[in-house]
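In what follows, a single structure is set out as structure tokens and then discussed.
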Amino acid sequence: MAERKPPFQAQDKLAFLLSLVPYLMDHDRVTVHEAAEHFGVTDQQIRDAVSLIVVSGIPGATHQYQPEDLFDIAWDDFEQHDEIVLTNMVAIDESPRFSAREAAALIAGLQYLSALPENADRAAIASLTDKLSRGASALPSAVAVEGSDTNETLALIRQAVDSGVQLSFDYLSSRGDFERRNVDPLRVDTVDADWYLRGWDHLREAIRTFRLDRMSRPELTTTPISRRGADVTLPDTLFAGSSDDLTVTVDVAPSALALLGEYLQEGTQPVPVDGMLRVTIRVAHFHSLKRLIASLPDVATVVGPPEARRMVRDWALAGADRYGELD
């Protein structure tokens with residue numbers, strides 16, 4: 001049972017009244033004693049607060065208090081049976097509400113958030129979703145976040161976080177190597193259609209980022225995690241450089257410089273060259289240049305080293321030959 005509080009101070013009474021109204025709205029019928037138990041106050045404090053609520057608010061068109069013009073309750077139930085039943089809520093019902101479309105969009109966002117392993121309090125998300133559904137101006141359309149091939153892996157990551165154990169999986173690196181990794185999962189991020197797990201990699205003894213579609217045979221271990229989100233500082237950027245990174249010189253159109261994002265080497269200064277900007281970028285392997293350059297047609301050119309130019313050129317020619325085969 002909640003500890004009973006002493007008489008209210010002014011600011012405490014205001015906070016109590018602001019909390020009492022939504023509580024009563026969420027309960028079709030509640031006894032004075034049940035409400036007192038919930039808030040940890042006396043039965044008389046609840047009666048006094050309810051008596052104040054029913055004469056509070058903004059009057060309707062008459063600008064004068066009229067029966068059922070503001071909040072109203074079933075008085076017979078209140079006076080004879082000590083039960084509180086709100087029968088009229090003009091001040092609430094006339095308040096601005098989310099449209100059905102707005103509520104549906106927010107609910108879809110909450111469904112997405114509930115799938116992320118770092119959001120452990122999914123009961124709170126479910127409660128907010130329910131309130132959005134009931135509080136919209138009309139019934140929101142039924143929505144669901146589309147599933148993907150990584151859903152099972154996401155669910156396993158969430159189990160690892162909830163259980164406090166390491167996650168083990170085979171990982172295909174950008175160099176084409178398979179390695180078994182044991183990871184303390186810290187956070188899941190998404191960029192465009194790709195999902196990434198950020199965690200403490202026990203093989204590398206450092207924070208690493210893993211693409212979920214490159215993970216295979218994921219499974220929970222029985223080994224407790226040694227690091228949690230509060231124990232480490234995750235970098236602001238999704239991809240952190242390492243001593244193994246390779247550097248590549250690229251000419252890029254000034255308008256497309258920002259698209260290089262985290263590939264740009266820290267401290268690099270663009271040099272104007274024939275209307276383009278020459279910059280140095282970091283890549284884990286020359287093969288990773290393929291996807292980057294393909295996303296920047298006509299606005300980026302690999303300048304060096306020669307091996308990087310050759311690999312990107314050969315990859316582009318192979319793609320062009322495939323079009324010839326289709327013809």
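Coordinate-derived values only; no laboratory data. Note that the coordinates shown come from a computational prediction; the quantities given were computed from them, not determined experimentally.
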Task: Nonlocal amide H pairs with Val165, under 5 Å, H built at 1.01 Å - done: Ile225
Task: Chain lengthening between Thr223 and Arg101 when straightened (0.36 nm per residue, less Cα-Cα) - done: 39.4 nm
